[in-house]
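Trainee: Submitted below is the structure of interest, expressed as structure tokens.
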Amino acid sequence: TTAATRLYALGPATGKERWFLNYGLGFSNVPLPATDGKTLVISTGFMKPEIWAIKLEGAQGDISESHVLWKQKTAAPDQTTPVICKNMVFTVSSGGIASCLDLASGEILWRERIGSDYAATPLVANGLVYFCDCTGTTTVVKAQPTFEVVAKNTLEEGFMASPAVVGNALVLRTKKALYRVQL
């Protein structure tokens, strides 16, 4: 769980703290941690958000110095959660800068402006990344290390909520309606 200046790992059965990491940079954390089971990716919160990757293996106690793999300080999300696919991390800042980072190194593989106002977390499905903005535009890119837009679609009401997948359908909640788009 993220807090104002610290990330905590708690045992699900007992709530007992397993480990913690001090980042001391943010407050009002909205983005959730994302993981592939080996690496945890976080955004540190508002004001000066950064993306951090944390090694999970052997994490115990204070891991602030021992388990941080990399930090990315530019175009980090302050509202949306990073998503992981095929050893890549996909993010979008609230200002509309989408990024693809290498999960192992934090290297920027691509970074592009795709819009201007994002609150919804990207969705990865079937090798594609869906970025839904507050004006109602969904930009769909291939989940790959080179930037390639495959579609742009618009629903008038705009998105604040993150999209979801149910079977072969996308569930999209705009500011005024709920849509199910069957693929």
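The values are calculated or read from the model by the stated rules, or taken from the named source; none is laboratory data. Everything quoted here is computed from the prediction, not taken from an experiment. In this analysis, Cβ positions are derived from the backbone assuming ideal geometry, glycine residues included, and neighbour counts consider all displayed protein chains. When the accessible area is computed, the model is the full protein with side chains, heavy atoms only, and any ligands, DNA or RNA have been set aside. Shrake-Rupley method; radii C 1.70, N 1.55, O 1.52, S 1.80 Å.
Trainee: Taking the stretch 1-33 as the region of interest, how many residues are open to solvent by 80 Å² or more (accessible area, probe 1.4 Å) and either under 14 Å from Pro49 (Cα atoms) or not basic (Lys, Arg) (or both)?
Mentor: 8
Trainee: Would you mind stating whether Leu69 is open to solvent by 60 Å² or more (accessible area, probe 1.4 Å), over 25 Å from Val141 (Cα atoms) and within 18 Å of the chain's Cα centre (by Cα)?
Mentor: Details: open to solvent by 60 Å² or more (accessible area, probe 1.4 Å): yes; over 25 Å from Val141 (Cα atoms): yes; within 18 Å of the chain's Cα centre (by Cα): yes.
Yes: the conditions hold for Leu69.
Trainee: Right, next: Is it fair to say Thr154 is of a type outside the set (Gly, Ala, Ser) and either open to solvent by 30 Å² or more (accessible area, probe 1.4 Å) or more than 18 Å from the chain's Cα centre (by Cα) (or both)? Step through it out loud before you land on a result.
Mentor: Details: of a type outside the set (Gly, Ala, Ser): yes; either open to solvent by 30 Å² or more (accessible area, probe 1.4 Å) or more than 18 Å from the chain's Cα centre (by Cα) (or both): yes.
Against the criterion (of a type outside the set (Gly, Ala, Ser) and either open to solvent by 30 Å² or more (accessible area, probe 1.4 Å) or more than 18 Å from the chain's Cα centre (by Cα) (or both)), Thr154 qualifies.
Trainee: Quick check: anything in the stretch 117-134 of a type in the set (Ser, Thr, Tyr) and surrounded by fewer than 20 Cβ atoms within 10 Å (Cβ to Cβ)? Working first, answer last.
Mentor: Keep residues of the stretch 117-134 that are of a type in the set (Ser, Thr, Tyr), which gives 118, 121, 130.
Retained after the next criterion (residues that are surrounded by fewer than 20 Cβ atoms within 10 Å (Cβ to Cβ)): none.
No, there is no match, as no residue in the stretch 117-134 is of a type in the set (Ser, Thr, Tyr) and surrounded by fewer than 20 Cβ atoms within 10 Å (Cβ to Cβ).
Trainee: Follow-up. Would you pick out the residues in the stretch 96-116 that are at pLDDT 95 or above, out of contact with any Lys or Arg (no Cβ under 6 Å at 6 or more places or on another chain) and open to solvent by 20 Å² or more (accessible area, probe 1.4 Å)?
Mentor: Asp102, Ala104, Ser105, Glu107, Ile108, Leu109, Arg111, Glu112, Arg113
Trainee: If I filter the stretch 157-183 down to residues being among the hydroxyl-bearing types (Ser, Thr, Tyr) and over 18 Å from Thr91 (Cα atoms), which single residue comes out as surrounded by the fewest Cβ atoms within 10 Å (Cβ to Cβ)? Reasoning before the result, please.
Mentor: Initial filter on the stretch 157-183 (among the hydroxyl-bearing types (Ser, Thr, Tyr)): 162, 174, 179.
Right, trim to over 18 Å from Thr91 (Cα atoms) and you get 174, 179.
On the way: Thr174: 17, Tyr179: 13.
Filtering first and then ranking leaves Tyr179.
Trainee: Additional query: Among residues belonging to the stretch 57-89 that are among the small types (Gly, Ala, Ser) and free of Cβ contacts under 8 Å to residues at least 24 places away in the same chain, point out the one that is nearest to Asn29 (Cα to Cα).
Mentor: Kept after step one, since they are among the small types (Gly, Ala, Ser), are these residues of the stretch 57-89: 58-59, 61, 64, 66, 75-76.
Subsequent filtering for residues that are free of Cβ contacts under 8 Å to residues at least 24 places away in the same chain retains 58, 66.
Numbers: Gly58: 25, Ser66: 23 Å.
Across the stretch 57-89, the extreme among qualifying residues is Ser66.
Trainee: Provide a single number: the residues in the stretch 102-139 that are over 19 Å from Met160 (Cβ atoms), touching a Phe, Trp or Tyr at 6+ places or on another chain (Cβ under 8 Å) and not polar (S, T, N, Q).
Mentor: Our first condition is that a residue be over 19 Å from Met160 (Cβ atoms); within the stretch 102-139, this holds for 102-113, 124-128.
Remaining after also requiring touching a Phe, Trp or Tyr at 6+ places or on another chain (Cβ under 8 Å): 105-106, 110, 112, 124.
Imposing the further condition that a residue be not polar (S, T, N, Q) reduces the set to 106, 110, 112, 124.
Total meeting the criteria: 4.
Trainee: Here's another thing I want to ask about it. Hand me the list of strands (runs of 3 or more DSSP E) wholly inside the stretch 13-93 holding 3 or more residues that are more than 30 Å from Asp133 (Cα to Cα) and at pLDDT 90 or above. Talk me through it step by step, then tell me what you get.
Mentor: Working: elements: 17-22, 39-43, 51-55, 68-72, 83-85, 88-92.
Because the criterion is at least 3 residues that are more than 30 Å from Asp133 (Cα to Cα) and at pLDDT 90 or above, the strands (runs of 3 or more DSSP E) in the stretch 13-93 that meet it are 17-22.
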